[in-house]
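Worksheet for the structure shown next.
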Amino acid sequence: MDYAVDVENLSYSYSEGTIALQSVSFRLVRGGSLALLGPNGAGKSTLLLHFNGLISGTGSVRILGHEVAKENLLWIRRNVGMVFQDPDDQLIMPSLWEDVAFGPRNLGQSDEEVEKNVSWALQVVGLAGLEERSPQSLSFGQKKRAALATALSMRPKILVLDEPTSNLDPRSRRDVVALLNDLHKSGVTIILSTHDVNLVPLLADEVLLLNREVIAMGKTREIMRERELLQEQGLEMPLFADLFEELRDEGRFDGQTPFIKSEAKAALDEISFTRK
Amino acid sequence: MNPELFAGQTSIIHVWDPRARIVSMSLLIVSITSLQSLYLALLGFALALGFLIISRIPLKLALRSLKWPVLFLAPFLLILPFTVQGDSELSFSFIAISHQGMALGALIFLKGLAAVALAQVMLGCCPFTASALALRDLGLPDTLVQIFLFSYRYIDLLSQELHSVFRSISARGFEMQSSRRTARVYGNAFGTLLLRSFARSERMFLAMLSRGYYGQLPPGAPVSMQLADGMKGLTVVAIAVALKLLEVKIWTMQ
């Protein structure tokens with residue numbers, strides 16, 4: 001099997017001794033999409049940093065078959081694009097164009113390649129035309145998309161996103177979801193961490209429930225209907241699934257659990273039809 | 001002053017190679033700020049205004065960005081006439097305004113404004129990164145250039161964080177007073193800001209590493225200087241030298 005990410009027995013402790021990750025093992029196939037879910041302090045961001053070789057614990061992390069190790073770091077960073085939670089941590093240059101060109105230039109790309117990749121990344125995130133703007137003059141939603149462009153311009157095969165929709169207004173959130181879905185369809189492997197349980201069915205095929213150790217991993221539609229399991233971790237079910245699972249418990253619904261609006265509408269139609 | 005405020009315009013200064021511009025304009029600034037003659041300082045100020053006009057920097061915006069330097073320099077103009085001993089120009093009871101004080105105040109004021117106006121022309125006509133990379137091409141260590149670049153971006157962010165820290169303490173009813181408690185609260189607020197800045201710089205460094213950063217700025221495209229760039233630079237250097245020669249001539253005539 002061709003794995004994008006293969007983590008085996010990964011443990012990590014902070015310098016003051018706090019255990020962040022304990023014997024974490026999982027695999028994600030190439031082209032897959034995975035959401036890391038867990039309460040605050042569960043180690044989600046710490047795990048994501050391992051995929052880019054930014055920190056290293058004990059155990060093994062393999063990216064597209066390559067061990068994450070010092071001698072592979074440039075290869076790893078070329079193939080794993082990282083988007084941090086706070087875009088202001090990522091946007092470091094005085095203009096948007098230079099920020100998006102920062103990664104490709106570090107990779108030693110030619111001027112033509114840099115220009116091509118920067119234009120493409122800005123086009124994809126919908127910020128073409130704002131090349132000369134300074135990052136501080138962008139709105140928060142634009143900054144989030146700009147941060148995504150800084151990773152995309154390196155043409156990564158794997159995209160790692162820490163809370164990609166946090167603090168976004170509904171419209172910007174929708175834009176980011178659509179954008180990530182398009183990237184996923186184009187073959188990019190997506191790994192994201194989030195607290196937003198309603199976002200998970202829209203973006204990920206698989207879910208890894210993490211609380212310093214792996215609590216559960218499986219298909220999104222299986223994990224996200226496990227009310228007790230989610231509640232134990234301080235999480236909740238997605239809104240539609242929660243409602244229809246309650247209706248199921250009351251004997252008023254026996255279809256497939258809906259996770260998104262269109263599925264919920266179909267499920268409602270089914271209930272109305274049964275009543276008639 | 002936002003050094004990139006006028007980068008979008010086009011003029012003879014905008015198309016001038018930043019390396020030649022920085023070297024020659026810096027020499028002109030040094031030449032003007034070292035003048036001791038009030039008349040030549042006035043000429044230097046007029047030259048600076050001339051450069052501003054040639055650069056097509058909108059005069060309204062340029063004057064607006066001179067607001068803070070004027071506020072900083074105005075005290076020299078207002079205080080020195082009363083404090084420098086010399087030939088009395090005017091006197092009211094115990095207050096005397098000296099001729100030398102007025103001249104010195106005006107000299108400092110004019111030279112200061114000329115320097116700031118020329119700095120606007122020097123740095124404001126191209127993106128800040130182009131100026132910073134030009135400094136690197138001129139031999140400034142890469143580390144210093146990176147500090148300039150990243151500071152430029154993060155000054156704004158730090159001011160936002162400072163603002164949020166002070167908004168947070170104001171929201172909880174804090175009012176500034178001349179008391180030990182105020183000093184303690186301010187100390188804590190700046191301490192918080194320091195810790196936040198430290199945490200942010202760590203996250204920022206990780207974000208840079210994730211994009212292949214290896215401790216040095218990636219090289220920009222090599223740009224060769226044209227004859228026109230050199231000629232412009234030589235003209236500005238000639239003006240700087242001429243000002244100093246004029247000053248020497250005035251001294252020898254006295």
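In percent, what relative contact order does the stretch A:173-276 have, based on Cα pairs under 8 Å that are 6 or more apart in sequence?
It comes to 18 percent, rounded to a whole number.
Need one number: nm distance between label points at A:Leu229 and B:Leu227, each 7 Å from Cα along Cα→Cβ, rounded to one decimal.
In this crude label model, A:Leu229 to B:Leu227 measures out at 7.7 nm.
Which whole-Hz ³J(HN,Hα) couplings does the stretch B:212-217 yield from phi under the Karplus relation 6.51 cos²θ - 1.76 cosθ + 1.60, θ = phi - 60°, glycine and proline marked x?
x, 5, 10, x, 10, 5
Using only the Cα atoms of chain B, build the gyration tensor, take square roots of its eigenvalues as a ≥ b ≥ c, and label the shape rounded, prolate or oblate: rounded if a/c is under 1.5, else prolate if a/b is larger than b/c, else oblate.
oblate
Would you kindly derive the ³J(HN,Hα) couplings of the stretch A:211-224 from the backbone phi angles with the Karplus curve 6.51 cos²θ - 1.76 cosθ + 1.60 (θ = phi - 60°), listing them in order in whole Hz, with x for Gly and Pro?
8, 6, 10, 6, 8, 6, 9, x, 5, 3, 5, 8, 5, 6
Quick one: what does P(r) look like for the stretch B:26-99 with 5 Å bins over all Cα pairs, in whole %?
Here the calculated profile for the stretch B:26-99 is 3, 12, 14, 20, 19, 13, 9, 6, 3, 1.
Within the stretch A:3-237, how many lysine pairs that are 8 or more places apart, or on different chains, have C-alpha atoms less than 27 Å apart?
18
If R₀ is 22 angstrom, what is the calculated FRET efficiency for the pair A:Phe140 and A:Glu112, using the beta carbon separation as r and rounding to 0.05?
It comes to 0.10.
Ranked by Cβ crowding within 10 angstrom, fewest neighbours first, how are A:Thr189, B:Thr143, A:Thr46 ordered?
In order of increasing Cβ crowding within 10 Å: B:Thr143, A:Thr46, A:Thr189.
What ³J(HN,Hα) values, in whole Hz, does the Karplus curve 6.51 cos²θ - 1.76 cosθ + 1.60 give for the stretch A:246-259 when θ = phi - 60°, with x put for Gly and Pro?
5, 4, 5, 4, 7, x, 9, 8, 9, x, 7, 4, x, 10
Just to be sure I follow the definition: excluding the sites themselves, where is the longest run in chain B that has none of the trypsin sites (Lys or Arg not before Pro) in a DSSP loop with at most 15 other Cβ atoms within 10 Å?
My reading of the result: B:57-171 is the longest stretch.
Let a ≥ b ≥ c be the square roots of the eigenvalues of the Cα gyration tensor of chain A; is it rounded (a/c under 1.5), or, if not, prolate (a/b larger than b/c) or oblate?
Oblate shape, in that a/c is at least 1.5 and b/c is the bigger or equal ratio.
Hey, could you pull the Cα Rg and Dmax for the stretch A:62-219, both in Å?
15.7, 47
Please order B:His163, A:His184 by the number of other Cβ within 10 Å, starting at the fewest.
Taking fewest neighbouring Cβ atoms as first place, the list is B:His163, A:His184.
When only DSSP loop residues count, what GluC sites (Glu not before Pro) in the stretch A:159-243 have their Cβ near at most 15 other Cβ atoms within 10 Å?
Sparse-neighbourhood loop GluC sites (Glu not before Pro): A:Glu236.
How would you rank A:Lys116, A:Lys143, going from fewest to most other Cβ atoms within 10 Å of each one's own Cβ?
Exposure proxy ranking, most exposed first: A:Lys116, A:Lys143.
Amide H of A:Val214: which non-local residues (sequence gap of 5 or more, or other chain) have their own amide H closer than 5 Å, using H built in the peptide plane?
Those qualifying (amide H under 5 Å, at least 5 residues apart or on another chain) are A:Ser25.
For the stretch B:171-211, state what percent of all Cα-Cα pairs lands in each successive 10 Å bin, counting from 0 Å until the bin that includes the largest distance.
26, 32, 21, 15, 6
If I take all pairs of Cα atoms in the protein assembly as shown, what percentage of them are more than 43 Å from each other?
In whole percent, the long-distance tail amounts to 37.
Explain nothing, just the number: relative contact order of chain B, from Cα pairs under 8 Å at least 6 residues apart, as a whole percent.
31 percent
Just so you know, all these numbers are worked out from the coordinates, no wet-lab data involved. None of these values were measured; they are calculated from a predicted model. All Cβ positions, even for glycine, are placed from backbone atoms using ideal geometry, and neighbour counts span all protein chains on display.
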